[in-house]
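The values are calculated or read from the model by the stated rules, or taken from the named source; none is laboratory data. Nothing here was measured: the structure is a model prediction, and the numbers come from that model. Neighbour counts are summed over all protein chains in view; Cβ atoms, including those assigned to glycine, are modelled from backbone coordinates with ideal geometry. Surface accessibility is based on the protein's heavy atoms, side chains included, excluding ligands, DNA and RNA. Shrake-Rupley method; radii C 1.70, N 1.55, O 1.52, S 1.80 Å.
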Amino acid sequence: SGESGAGKTESTKLLLQHIMNLCKGNSQLEQQILQVNPLLEAFGNAQTVMNDNSSRFGKYIELRFQKNTVRGAKLSEYLLEKSRVVQQDTGERNFHIFYYMFAGLSLEEKELFGLLDPSLYRYISGRFGTQDVAQRWKQKYQEVCNALDMVGFQEQEQVDLQAILAGVLSLGNVTFEPEERNGSVKVSEAARGWLKAAAVSVLSQLVCCVPCSPWSPSVSCCYLCADARDSIAKVAYGRVFGWIVCKINELLAENVDPEVELSEIGILDIFGFENFAVNRFEQLCINLANEQLQHFFNHHIFQMEQAAYKEEELPWETITFNNNEPILNLLLAKPLGLLSLLDEQSAFPQATDKTFVDKLNSSFKGNLHYQPGRGRVLGFSVIHYAGKVQYAATGFLEKNRDTLPANVHGLFINSITPLLSLLFKGKSLYWALVMLWFAGLLTFLCPHQHSLMMLMERMYSANPHFVRCIKPNGQKEPGVVDSQMVLLQLRYNGLLETIRIRRDGFSWRPSFEEFAAR
């Protein structure tokens, strides 16, 4: 764990290499485990203002051993930041793979996928980059192609994959305009070429069945259609990423007798705590995950350890630490925690981001870890364990619902692109949960929360070791240490108290049997 840009992903890669080296790392499987990384980084990482290669998803890598030999591995992914596909803030980029494609595809291939100059695409923000950067992206594209071959993607699957990515980019340029005669909406004339390039007839059919506001029907319809367009792009990319992870797991699955008991080492590499100029729903999810990991760390390092000393009746002066349980209660308590209130509002069709913020302000009045928004910006602040973060509330309800219109889902299933049809045929757990909720059998639970619950269950069932990554400076510069920035991280991570408990505590703890034998 650690801040965004502190070196978690690089540390994970070094840990994996070290473990493979200890296993003598010659088997094909061990090499494959190391080689899938370029694929995950290309589709799951992006440049942010804090980190040029920031993981925009969490990954948990399980390595399964039999007699010190790796027999299999499994990858689980959490909370992919799908919104990055359709929107990036100043100084940030979309997922790496889009830039790699523009740099690595030949002119003939670009023509095949209908790709034009990258500066024309709304979903690709900022300048494309210098010649040196483009050359590096070209090499990265080749690494991705090699990894796709190694993982076992068929040639047609790779073509379909690139066609979907190109279609997503073209889809972003589809715009809408009101029909003069009946107040409905149509794809604007200037965007018809982009709709054709996207090879998706979803939007042209969708506009016929989007409900319009009686107050300003044409304007509302245009907004609703633009939201639906972006939802399609996000869902398509998310399904592609999930499919890649499934293919990787097929490749790395253990081939042993089911009755053979395997030992396991798991490595969690999750996005770090984030505090940007503008913080959205995604940052709340990321910071909640970090808040839970900090609580997990406190539980193991302080609470469990000091309870053991007390049980052994050892002379011990209790070490206090910054307990972040009140912050977790603010976020997770039921029925009046922040996320419970968000789910409640998400269930009401008439609710808006403003009614949600009003509900928060009335529910958390006087709470030391919550502050109402100031000025005209619709938002609120949470005082996290790592500091105060101000969240912009616009889009919270829509992102929490994370739904796709049913008619669009059906159009995907009937797509002429075989891969796109395949990606939408399976019924996901989320849709099953939604059906139960509509039947009145289940409290509304968004996919983000379900993902976090599963992750924390895994953490608490394990015997953990903590690797705390410290970010040396905020300028992304090598060889520069900002002492104040480092000290701040040591403080809020609880590392100063950890040093004290290690110094004053009992570091070597043999079992009674081992002690008696000695």
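Going by the structure shown, is Leu368 in contact with a helix residue (DSSP H, G or I) (Cβ under 6 Å, 6 or more places away or on another chain) and in contact (Cβ under 8 Å) with a residue 12 or more places away in the chain?
Values: in contact with a helix residue (DSSP H, G or I) (Cβ under 6 Å, 6 or more places away or on another chain): no; in contact (Cβ under 8 Å) with a residue 12 or more places away in the chain: yes.
So Leu368 fails the test.
Listed by first and then second residue, the pairs linking a residue in the stretch 214-243 that is modelled with pLDDT of 90 or more to a residue that is among the hydroxyl-bearing types (Ser, Thr, Tyr) and part of a helix (DSSP H, G or I), with Cβ atoms under 8 Å apart and 6 or more places separating them unless they lie on different chains, are Lys234/Ser83.
Does Phe321 meet the test of being part of a loop (DSSP other than H, G, I, E, B), over 18 Å from Asn493 (Cα atoms) and touching a residue at least 12 places away in the same chain (Cβ under 8 Å)?
Working: part of a loop (DSSP other than H, G, I, E, B): yes; over 18 Å from Asn493 (Cα atoms): no; touching a residue at least 12 places away in the same chain (Cβ under 8 Å): yes.
Answer is no for this residue.
For the stretch 248-260, the count of residues that are within 13 Å of the chain's Cα centre (by Cα) and β-branched (Val, Ile, Thr) is zero.
The residues in the stretch 142-156 that are farther than 16 Å from Val36 by Cβ and assigned to a helix (DSSP H, G or I) can be counted, and the count is 2. The condition of being among the small types (Gly, Ala, Ser), open to solvent by 30 Å² or more (accessible area, probe 1.4 Å) and over 30 Å from Leu171 (Cα atoms) holds for only one of Gly272, Gly266, that being Gly266. Just so you know, in the stretch 484-515 the residues that are among the acidic types (Asp, Glu) and in contact (Cβ under 8 Å) with a residue 24 or more places away in the chain include one that is least open to solvent (accessible area, probe 1.4 Å), and it is Glu497. A Cβ distance below 8 Å, combined with a sequence gap of six or more or placement on separate chains, defines the contacts here; from the stretch 157-184, residues that are open to solvent by 20 Å² or more (accessible area, probe 1.4 Å) reach residues that are in a helix (DSSP H, G or I) and of a type in the set (Ser, Thr, Tyr) in the pairs Pro178/Ser218; Glu179/Ser218; Gly183/Ser218; Ser184/Ser218.
Scan the stretch 76-84 and tell me whether some residue there is among the hydrophobic types (A, V, I, L, M, F, W, C) and either open to solvent by less than 10 Å² (accessible area, probe 1.4 Å) or over 28 Å from Leu397 (Cα atoms) (or both). Steps first, answer last, please.
The initial filter retains those residues of the stretch 76-84 that are among the hydrophobic types (A, V, I, L, M, F, W, C), namely 79-80.
The next check asks that each one be either open to solvent by less than 10 Å² (accessible area, probe 1.4 Å) or over 28 Å from Leu397 (Cα atoms) (or both); those that pass are none.
No.
Of the conditions (1) over 24 Å from the mean Cα position of the chain (by Cα); (2) closer than 23 Å to Gly5 by Cα, Leu105 fails just one. Which one is it? The single condition Leu105 does not satisfy is (2).
Looking at Gly337, is it surrounded by fewer than 18 Cβ atoms within 10 Å (Cβ to Cβ), without any contact (Cβ under 8 Å) to a residue 60 or more places away in the chain and closer than 27 Å to Glu77 by Cα? Yes, satisfied. Looking at the structure I just gave you, is Asn68 open to solvent by 30 Å² or more (accessible area, probe 1.4 Å), on the phi > 0 side of the Ramachandran plot, polar (S, T, N, Q) and out of contact with any Ser or Thr (no Cβ under 7 Å at 6 or more places or on another chain)? Spelling it out, Asn68 is indeed open to solvent by 30 Å² or more (accessible area, probe 1.4 Å), on the phi > 0 side of the Ramachandran plot, polar (S, T, N, Q) and out of contact with any Ser or Thr (no Cβ under 7 Å at 6 or more places or on another chain). The residue pairs whose first member lies in the stretch 118-136 and is open to solvent by 90 Å² or more (accessible area, probe 1.4 Å), whose second member is part of a loop (DSSP other than H, G, I, E, B) and at pLDDT 90 or above, and whose beta carbons are closer than 6 Å, counting only pairs six or more residues apart or on different chains, are Arg122/Gly172; Arg122/Asn173. Looking at Asn361, Asn400, Asn367, Asn407, just one residue is at pLDDT 65 or above, part of a helix (DSSP H, G or I) and surrounded by fewer than 17 Cβ atoms within 10 Å (Cβ to Cβ), and that residue is Asn361.
Scanning the stretch 6-28 for residues being out of contact with any Cys (no Cβ under 7 Å at 6 or more places or on another chain) and open to solvent by less than 30 Å² (accessible area, probe 1.4 Å) gives a total of 7.
The set of residues in the stretch 371-390 being charged (D, E, K, R) and free of Cβ contacts under 8 Å to residues at least 12 places away in the same chain consists of Arg374, Arg376. Residues that are within 30 Å of Leu338 (Cβ to Cβ) and buried (at least 17 other Cβ atoms within 10 Å of the Cβ) occur in the stretch 314-322; there is at least one.
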